[in-house]
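See below for the structure under consideration.
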Amino acid sequence: MKKIIAPSLLSCDFANLQSEIEMLNESDADWLHLDIMDGVFVPNITFGMPIISFINKHAKKTLDVHLMIVQPERYITSFKEAGADILTVHYEACTHLHRTIQEIKAKGMKAGVSLNPHTPVSVLEEIIGNLDLVLIMSVNPGFGGQSFIENTYKKVKQLKKLINNSGSTALIEVDGGVSNKNIEKLSQAGVDAFVTGSYIFSSDSPKQTITDLKNQLLSRK
């Protein structure tokens, strides 16, 4: 299965957002990862619909939108209209998760569920067959640049077993602290999509860093 690199725009230079997007368009990145925070579910606020619409106008890659917000079901149509291709909600933020997933798919988007570090993968047993993606948080959500939580490897393996046993086709995505130091081990554990922000955008050449990560994954096939 193809391995996906999804640079997180949370770490890009927002003063030069269009040029950052154009650089990513020309890079080996597969998706653009957008973290939406509301200051309630997580202690930070990022960007809303106008910025997503702007990104969508210039991006040539899949927009992978991760909602770290309360009551995400209220905004499903708005995120679709803004350009989201994949919409991921947090298990911890959804009272009626199955209904929310159905609504996301009804709008023509891929549907994902994200789990905070303390949330076990077993909570997804009843819904895994309905999901296109599961996003494992490998840091506590809310801020970029945090250290990777080592228990993530174990959690990914548990999730992979659940997916295989259920016959689900869901992809496994990991977000937080991903770099050249752990991407191969994560891939071996079963991760399909890798969100990485500060590691890419703080490098001397983000475009080359993305290529290097892709080559690392290809060399392990």
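Based on this model, can you work out whether D192 counts as out of contact with any Lys or Arg (no Cβ under 7 Å at 6 or more places or on another chain), of a type in the set (D, E, K, R) and within 26 Å of S27 (Cα to Cα)?
It is false that D192 is out of contact with any Lys or Arg (no Cβ under 7 Å at 6 or more places or on another chain), of a type in the set (D, E, K, R) and within 26 Å of S27 (Cα to Cα).
As an exercise: evaluate N165 against (1) within 20 Å of V113 (Cβ to Cβ); (2) crowded, with 16+ Cβ neighbours inside 10 Å; (3) not small (G, A, S) and give the number of the one condition it does not meet.
N165 satisfies all of (1) within 20 Å of V113 (Cβ to Cβ); (2) crowded, with 16+ Cβ neighbours inside 10 Å; (3) not small (G, A, S) except (2).
Need pairs with beta-carbon distance below 9 Å; first residue more than 18 Å from I36 (Cα to Cα) and within region 1-21, second polar (S, T, N, Q) and surrounded by fewer than 21 Cβ atoms within 10 Å (Cβ to Cβ); sequence gap 6+ or separate chains.
K3/S187; I4/T62; I5/S27
Can you name the number of the only condition in (1) over 18 Å from the mean Cα position of the chain (by Cα); (2) surrounded by 22 or more Cβ atoms within 10 Å (Cβ to Cβ) that R74 fails?
With (1) over 18 Å from the mean Cα position of the chain (by Cα); (2) surrounded by 22 or more Cβ atoms within 10 Å (Cβ to Cβ) applied to R74, the lone miss is (2).
How do the pairs read when you match residues in region 181-192 that are under 11 Å from V156 (Cα atoms) with residues anywhere that are basic (K, R) and part of a helix (DSSP H, G or I), using Cβ under 8 Å and keeping only pairs 6 or more apart or on different chains?
Going by the 8 Å Cβ cut-off, the qualifying pairs are A189/K157; A189/K160; G190/K157; G190/K160.
Quick test of your reading of the structure: D30 fulfils all but one of (1) surrounded by fewer than 18 Cβ atoms within 10 Å (Cβ to Cβ); (2) out of contact with any helix residue (DSSP H, G or I) (no Cβ under 8 Å at 6 or more places or on another chain). Name the failing condition by number.
Going through the list (1) surrounded by fewer than 18 Cβ atoms within 10 Å (Cβ to Cβ); (2) out of contact with any helix residue (DSSP H, G or I) (no Cβ under 8 Å at 6 or more places or on another chain), D30 breaks only (1).
Mind telling me which of the residues E73, E92 ends up being in contact with a helix residue (DSSP H, G or I) (Cβ under 6 Å, 6 or more places away or on another chain), in a helix (DSSP H, G or I) and over 21 Å from L9 (Cβ atoms)?
Just one listed residue meets the conditions, E73.
For region 1-36, enumerate the residues that are in a helix (DSSP H, G or I) and of a type outside the set (A, V, I, L, M, F, W, C).
Within region 1-36, S11, N16, Q18, S19, E20, E22, N25, E26 meet the criteria.
As an exercise: evaluate D64 against (1) under 19 Å from V139 (Cβ atoms); (2) touching a Gly at 6+ places or on another chain (Cβ under 7 Å); (3) not hydrophobic (A, V, I, L, M, F, W, C) and give the number of the one condition it does not meet.
(2)
Filter region 25-54 for residues that are closer than 30 Å to L218 by Cβ and over 16 Å from the mean Cα position of the chain (by Cα) and give the result.
Of everything in region 25-54, those that are closer than 30 Å to L218 by Cβ and over 16 Å from the mean Cα position of the chain (by Cα) turn out to be N25, E26, S27, D28.
Just the residues that are surrounded by fewer than 20 Cβ atoms within 10 Å (Cβ to Cβ) and part of a strand (DSSP E or B), please, taken from region 37-70.
D38, I45, T62
Filter region 77-96 for residues that are over 18 Å from the mean Cα position of the chain (by Cα) and over 27 Å from H58 (Cβ atoms); which is surrounded by the fewest Cβ atoms within 10 Å (Cβ to Cβ)?
If we take residues in region 77-96 being over 18 Å from the mean Cα position of the chain (by Cα) and over 27 Å from H58 (Cβ atoms), then T95 is surrounded by the fewest Cβ atoms within 10 Å (Cβ to Cβ).
Here is a yes/no grid of residues against (1) at pLDDT 95 or above; (2) outside any helix (DSSP H, G or I); (3) buried (at least 17 other Cβ atoms within 10 Å of the Cβ); (4) over 16 Å from the mean Cα position of the chain (by Cα):
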residue: T100; (1), (2), (3), (4): yes, no, yes, yes
residue: V113; (1), (2), (3), (4): yes, yes, yes, no
residue: V123; (1), (2), (3), (4): yes, no, no, yes
residue: E126; (1), (2), (3), (4): yes, yes, no, yes
residue: I136; (1), (2), (3), (4): yes, yes, yes, no
residue: Q146; (1), (2), (3), (4): no, yes, no, no
residue: K161; (1), (2), (3), (4): yes, no, no, yes
residue: K185; (1), (2), (3), (4): yes, no, no, yes
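Among the residues that make up region 186-199, is at least one of them in contact with a Ser or Thr (Cβ under 7 Å, 6 or more places away or on another chain) and of a type outside the set (S, T, Y)?
Among the residues of region 186-199, at least one is in contact with a Ser or Thr (Cβ under 7 Å, 6 or more places away or on another chain) and of a type outside the set (S, T, Y), which makes the answer yes.
The values are calculated or read from the model by the stated rules, or taken from the named source; none is laboratory data. Quick caveat, the model's predicted, so the values are computed rather than measured. Quick reminder, even Gly has a Cβ in these numbers, built from the backbone with ideal geometry, and neighbours come from all protein chains shown.
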